1. Evaluate the following for ASN584: is it in contact with a Gly (Cβ under 9 Å, 6 or more places away or on another chain), open to solvent by 40 Å² or more (accessible area, probe 1.4 Å), of a type in the set (S, T, N, Q) and outside any helix (DSSP H, G or I)?
2. Can you pull out every residue in the range 526-548 that is in contact with a Phe, Trp or Tyr (Cβ under 8 Å, 6 or more places away or on another chain) and either more than 18 Å from GLY451 (Cβ to Cβ) or loosely packed, with under 12 Cβ neighbours inside 10 Å (or both)?
3. Scanning the range 668-694 for residues that are open to solvent by 60 Å² or more (accessible area, probe 1.4 Å) and under 23 Å from the mean Cα position of the chain (by Cα), which turns out farthest from LEU35 (Cα to Cα)?
4. Looking at the range 575-589, can you tell me whether even one residue there is touching a residue at least 60 places away in the same chain (Cβ under 8 Å), within 26 Å of THR503 (Cβ to Cβ) and not basic (Lys, Arg)?
5. When only residues in the range 468-494 that are crowded, with 18+ Cβ neighbours inside 10 Å and over 22 Å from ASP548 (Cβ atoms) count, which is farthest from the chain's Cα centre (by Cα)?
6. Being open to solvent by 20 Å² or more (accessible area, probe 1.4 Å) and either more than 24 Å from SER2 (Cβ to Cβ) or hydroxyl-bearing (Ser, Thr, Tyr) (or both) is the filter here; which residues of the range 35-50 pass it?
7. In the set GLU649, GLU667, GLU632, GLU643, which member is part of a loop (DSSP other than H, G, I, E, B) and in contact with a Pro (Cβ under 7 Å, 6 or more places away or on another chain)?
8. Got a sec? Which helices (runs of 4 or more DSSP H) wholly within the range 18-137 have at least 2 residues that are modelled with pLDDT of 95 or more?
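The values are calculated or read from the model by the stated rules, or taken from the named source; none is laboratory data. Keep in mind the model is a prediction, meaning the values are calculated, not measured. FYI the Cβ positions are ideal-geometry reconstructions off the backbone, even for glycines, and counts take in every protein chain you see. When the accessible area is computed, the model is the full protein with side chains, heavy atoms only, and any ligands, DNA or RNA have been set aside. Shrake-Rupley method; radii C 1.70, N 1.55, O 1.52, S 1.80 Å.
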Amino acid sequence: MSTVKIMIDNRLVEAEEGKTILSAALESDIYIPHLCHHPDLPDIGACRLCIVEIDGEDEIKTSCTTPVRDGMVVHTKSEKLNEMRRLSMELMLANHVDDCTGCLKYLKCEMQSLIQYLGVSTSRLRRTLNSAPENTGNPLIIRDLNRCVVCGRCIRVCKDVRGVEVLGYQINEEGRVIVAPQRNVSLEEGGCRFCGACIEVCPTGALRDKEGVFKPHPNREIALVPCKAECPSHIDVPKYVRYIKEEKFQEAIAVVREKAPFPHSLGYVCMRFCEEGCRRKDINEAVSIRELKRFLAEKDQGLWKHAALIKPKTGKKIAVVGSGPAGLTAAYYLVKQGHEVTVFEKQSVAGGMLATGIPEYRLPREALNAEIAIIEEAGVCIKAGNPVTSLEALKEQGFDAILLAIGTGKGIKLPIPGAEFNGIYENIDFLQKVSLHEKVELGDKVVVLGGGNVAFDCARVARRLGAKEVTLACLEARENMTASIEEIEEGLEEGVRILNSKTFVSIEGTDGKVSGIKCQDVRSFAFDENKRLILDIAPDSDHIIGADTVIFAIGQRPDIPKEWGVETGRGNLILTEKNSCQVNQENIYAVGDAVYGTASVIKAIAEGRKAAAYIDIQLGGDGVIEEKLAQEQIPSDYIGKEEGFTKKERVKNSCEHAELRVSNFNEVVHCLETSDACHEASRCLQCDLRIKLTKPKFWTEYAVK
């Protein structure tokens, strides 16, 4: 396209033919006041702030609607222009509430910035506010007509960019022009897709996100995509969900694989942090992101391997102690950085708690083993059945770095009388014995102490081993239990009895054999500043729960050989240097649950990636482990209208009937069918489209003001 030359305030500007004066000026870093203009939207000249004078023309022109002509001489500053702009601004302010400090856009408001630039005084204004109160009745979005200046940005982005056309100019009961859905229905009834574009382009606080929708984050682009922000590994959820919607399943699994080498395992047992952040949950229910991940993993043809990053050999050797998700993730990325990596695992199988802590009905071993095989295929050597008793011995074998990723493999017993009786297990020991097919002796009446997911694992495994009565007793009230809702519901279906708000006094028994556990009812509890438990116990509430087997499931901690000499802190957790994984010994590092306590598989993966990058740098590498396994995706800004979009219900996975599943360790929850997965993906609000909208610059950011 040909260019033209114009003069703006005695400055020569070259611009493409057809551009407006305003666009030409802004692109040349020359500021002209404007409010209704947005770089992504068609201009309408409504605010009258961008007016300019042009030599040879009598009329004042709006620069946002006037195209450039070769030789044009433009003036943006004069007393006449300033007075007209101030008048336009005062007319807008007359309908705008005088409460900047109470607005969430305070100090980030284009209107407020313009008031400052134009030197407009609000003291002489006669306020004629709309009588409508702040509208909080819509999901996710607050509408405040008393902050609206009818600039039309929201209307244009909804119509011209998104193609949804929910908003328009309406006449209210007072005869005023307002912005509202047609027929003044709610946003949801009007067909809103809740993409957030209208909020993004609003120059005032008239359209705002409801408080709490987004968590504070220094990087705004991350904050605006909460599913990705909440994921410890920051998997690009909207990208792979969009690929599923398009039935591009191999591209979708490649996106997941860019950040996590255990997508199938995550599809079974991830704690769904992404779904907790999903904005869709405030409309009906969150998108079933975890189940979509599992669906993809089962469709995986391995095509992503052709784009996998493998760097040249470095000659460096690394030992990883522990083969859980943190250790294997670190090993995987370190071997891809060109290092020789050997993993030492004391158990007879690799996988850590994925293999020996999570029951097989929740995580089928063939899914896990296939993912471990891919890690071995990348070059990681795994030596199962090889406990490490001496770190010095590893150093003598020529390892340049040692990474401790041993997890929290030791259960905890309460220090109460009778804890040493026969018939008592710790959670980890019990689950490992079952997973490794070792003999476990259970009585008919099993009591599990604890209220988390591991406690339910123990209880549900006990049912599958033939226990006739399984009771789970915990300190927390039902609504405060740390176990997931699905674990609680499935446990109840399988006949697990739950007793809440209990504290445990002693284990009763005769001849060293358990006969029950003495409990008291707890009305409330709290922790003091030293993290000591403070109980409010109901008077005269002592009672005994009959049991011939008791399983402690109140937590776990690392099992660290003293010979290692690593420094530990509270809970026997390994201490590392701040912002690194370095321990108190040279070339020895630690990662995962052994450092921060029992958490989640996805956090272990995320920390394993960080450890790999850090150790690579220590060994002379660049620490760059990022890789692009999926094709670049350029999503359309146009999402269009969709009848009943907000009414789309979350797909429920089919599930084995409780009577059938308690007799075996077969998987309980089945994978989504293709049609269900595509339907579920179509429920996504596509929050990431919002960050594609251009963020307007304030006048202070321009070179020429």
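1. Working: in contact with a Gly (Cβ under 9 Å, 6 or more places away or on another chain): yes; open to solvent by 40 Å² or more (accessible area, probe 1.4 Å): yes; of a type in the set (S, T, N, Q): yes; outside any helix (DSSP H, G or I): yes.
Answer is yes for this residue.
2. Residues satisfying the conditions are LEU533, ILE534, ASP536.
3. Among them, the one singled out is HIS679.
4. First, pick out the residues of the range 575-589 that are touching a residue at least 60 places away in the same chain (Cβ under 8 Å): 581, 583, 585, 587-589.
Now restrict to residues that are within 26 Å of THR503 (Cβ to Cβ): none.
Scanning the range 575-589, I find no residue that is touching a residue at least 60 places away in the same chain (Cβ under 8 Å), within 26 Å of THR503 (Cβ to Cβ) and not basic (Lys, Arg), so the answer is no.
5. By that ranking, first place goes to LEU475.
6. Filtering the range 35-50 for residues open to solvent by 20 Å² or more (accessible area, probe 1.4 Å) gives 39-40, 42-44, 46, 48.
Scanning the range 35-50 gives ASP40, ILE44, ALA46, ARG48.
7. On the way: GLU649 fails: in contact with a Pro (Cβ under 7 Å, 6 or more places away or on another chain); GLU632 fails: in contact with a Pro (Cβ under 7 Å, 6 or more places away or on another chain); GLU643 fails: in contact with a Pro (Cβ under 7 Å, 6 or more places away or on another chain).
Exactly one residue qualifies, and that residue is GLU667.
8. 21-27, 79-93
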